[in-house]
1. How many nm separate the modelled label positions at F317 and D93, each set 7 Å beyond the Cα in the direction of the Cβ?
2. So what does K234 come to for accessible area, using a 1.4 Å probe and Å² rounded to 10?
3. With runs of 4+ DSSP H residues as the only contributors, calculate the mean residue ellipticity of the chain at 222 nm using -39,500 (n - 2.57) per run, divided by the residue total and rounded to the nearest 500.
4. Grab the other residues whose beta carbon is less than 10 angstrom from that of I77, score K and R as +1, D and E as -1, and report the net.
5. Just want to confirm a number: the relative contact order over the chain, from Cα pairs under 8 angstrom separated by 6+ residues, in percent.
6. What does the accessible area per residue of the chain come to in Å², with a 1.4 Å probe and no ligands, DNA or RNA counted?
7. Checking the cross-link filter: which lysines have an alpha carbon closer than 20 Å to that of K261, excluding same-chain neighbours under 8 positions apart?
8. Relative contact order of the stretch 232-329, please, whole-number percent, based on alpha carbon pairs below 8 angstrom and at least 6 residues apart.
Amino acid sequence: MLRAVSFALTMIASASYAASPNDILQNNTRAVVYLEINDSNGAFIDSGTGFIVSHDGYVITAAHLKVDPSQKMWAIIGQRDGTRFQMKLREADEKNDVALWQLPQSASCRYAVTISSKPVNVLDRAIVLGFPAQNGLTPALVNIANLQDNNGFYNADGFLQPGYSGGPVFNEDGKIIALVHGGTLGGGNNSLIQSSFMMNLINKWGVKAGIDASVPFAGACYASCRVPAHGVEKWSSEVPWGPVDSGELSGGHTRKGECDKLIAAALAGHPNSQIDLLPGEGIPDSTGMWENAHKDFAGQMHYTYYCKGTLRSGPIFYENHSSECGLWN
């Protein structure tokens, strides 16, 4: 199956995209779901594709993928086989073939697609993701042929097999412009449902979907770790440093300039260390910077600059939840 997906991507990657087909597949795999309808005995009835539009697990798919009271809709995220989640229907717009479902007990940490508000034009290229036939998640290339077919939906060329129904249609920026309504067995005549119809349900239910930009994850979605971006909680070692002097210099130098040079030299090769000068300046051995000056026999001034502080090494960073740590698996 991986070989088949790789072949498909190779065939369509020659075209220039703002986001490549491979990027769109990789970035959205965990936001696309395989949907399967089973009867009361667990027997297969139908299947299709859906996509997660919010971090709390709301899913958009085609309304013609529906269940009666004795049946169940199951979702598997990103693949055809794996952990199954029983879906809960929120609302279906059967006229426009759009339905809003939700994954059960969803934390606010689901991967989600981003929806585009940009207008769609004839000849626009798009990538469809779905689970056709018995295949795993598979991309397909289509082109918008008409902005309104007999159903009032976009018409697109390309070959979309059964199983793509309800699947996301991405523009060249990697954002959703439609979902799959259906096609013909011979290919070349596919109906894609405009994103405006899914937005009606999304807005009605107050779903926090990403429009043109992704919605940030909540802090609790990220793993906990200790990294430099969190700041230093404490140091493993803190020892006095100095006084260190510049050697005798002519005029034209400053205390700070010379101390900065001495600190840089002391820290060379020690990236996880820092030197903090004592507060104040001008008082020997009691402040961070001072100098001695004298005239030579020709009346020229000479200066020696001194620096004193604390050498800190072995930082222990604060442990926090942040994007630096990656999301919880």
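1. 4.5
2. Looks like 110 Å² after rounding.
3. Working: 4 runs with 42 residues, N = 329.
Value at 222 nm, helices only, nearest 500: -4000 deg cm²/dmol.
4. Values: positive: R30, R84, R110; negative: none.
Residues near I77 contribute +3 overall.
5. Values: 782 pairs, mean separation 48.6, N = 329.
About 15 percent, as a whole number.
6. Values: 16940 Å² over 329 residues.
I get 52 Å² per residue for this part.
7. The qualifying lysines are K308.
8. Numbers: 174 pairs, mean separation 41.2, N = 98.
For the stretch 232-329, the relative contact order is 42 percent.
The values are calculated or read from the model by the stated rules, or taken from the named source; none is laboratory data. For clarity, every value in this text was computed on a predicted model and none was experimentally measured. Reconstructed Cβ throughout: ideal geometry from the backbone, glycine too, with neighbour counts over all protein chains shown. Each accessible area value is taken on the protein alone, full model and side chains, heavy atoms only, with ligands, DNA and RNA left out. Shrake-Rupley method; radii C 1.70, N 1.55, O 1.52, S 1.80 Å.
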